[in-house]
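Just below is one structure, and these are the notes that go with it.
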Amino acid sequence: MGKAAETQSEQFRYVKNRIQMLHQVVETMDPEQMEHEDYLRVLDMVEQLQLKMQRFKKDWEE
């Protein structure tokens with residue numbers, strides 16, 4: 001996969017890249033053709049990003 005993002009700047013770059021990837025995925029989807037599985041895939045991506053950001057938040061608070 002890749003090495004862990006340890007510094008705040010690496011963590012922010014990770015978040016920024018994930019948001020860009022999510023945007024690209026959503027942009028390619030046709031709202032008229034979306035299926036339930038497509039929605040769930042986007043939801044999962046958002047939830048995974050949220051979990052990662054919660055972990056980073058703990059790092060920043062230390």
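The values are calculated or read from the model by the stated rules, or taken from the named source; none is laboratory data. On a predicted model such as this, the values are computed, not experimentally measured, just so you know. For neighbour counting, all protein chains shown are included, and Cβ atoms are generated from backbone atoms with ideal geometry for every residue, glycine included.
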Reported set for region 9-37 where residues are in contact with a helix residue (DSSP H, G or I) (Cβ under 9 Å, 6 or more places away or on another chain) and among the β-branched types (V, I, T) is V15, I19, V25, V26
Considering region 1-39, residues that are outside any helix (DSSP H, G or I) and small (G, A, S), and then whichever is modelled with the highest pLDDT, we arrive at A5
Taking first residues from region 40-51 that are modelled with pLDDT of 95 or more and second residues anywhere that are surrounded by 12 or more Cβ atoms within 10 Å (Cβ to Cβ) and charged (D, E, K, R), the pairs with Cβ under 9 Å that are 6 or more apart or on different chains are M45/R18; Q48/R18; L49/R18
